[in-house]
Amino acid sequence: MEQKTVVLGVIGSDVHAVGNRILDYAFSQAGFKVINIGVLSTQEEFIHAAIETNAEVMLVSSLYGHGEMDCRG
């Protein structure tokens, strides 16, 4: 079976790196190719990573309460 690619990151001014690392590990162990763009990521970084890697999934994480606004711009 072909390995699916997931772009993972934390958007905006959020720096919750622990949850990001846990998701990276869990998806990697489940057989996904994880492209982790880290914390404090912008919309553009998510989009660029997804296009460059032809990702099937984009996981945008945020805990600080403004993630939806960050996604909308």
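Just so it is clear, none of the values below were taken in a lab; they were calculated from the coordinates. Every value quoted in this text rests on a predicted model; they were computed, and no experiment measured them. Cβ placement follows ideal geometry from the backbone for every residue including glycine, while neighbour counts extend to all protein chains displayed.
Remarks
- Among the trypsin sites (Lys or Arg not before Pro) found in the chain, those both in a DSSP coil and sparsely packed, with 14 or fewer other Cβ atoms within 10 Å of their Cβ, are Lys4.
- Rounded to the nearest 10 degrees, the inclination of helix 43-53 to the longest alpha-carbon principal axis of the chain is 10 degrees.
- Kirkwood hydrodynamic radius of the range 17-57, Cα pairs, Å: 10.9
- Going from the residue with the fewest nearby Cβ atoms within 10 Å to the one with the most, Leu8, Leu63, Leu23, Leu40 rank Leu63, Leu40, Leu23, Leu8.
- Euclidean distance between Cα centres, the range 3-26 to the range 28-73, Å: 7
- Simple Cβ-charge dipole of the range 5-71, Lys/Arg +1 and Asp/Glu -1, about Cα centre, in debye nearest 20: 260
- Lys/Arg +1, Asp/Glu -1 at C-beta; the range 5-71 dipole; positive extreme among Ser62, Leu40, Asn20: Asn20
- Longest segment of the chain lacking GluC sites (Glu not before Pro) that sit in a DSSP loop with at most 14 other Cβ atoms within 10 Å: 3-55
- Value of Rg to Rh for the chain (Rh from inverse mean 1/r over Cα pairs, i.e. Kirkwood): 0.97
- Exposure proxy for Val10, Val18: other Cβ atoms within 10 Å of each Cβ, ordered fewest to most, give Val18, Val10.
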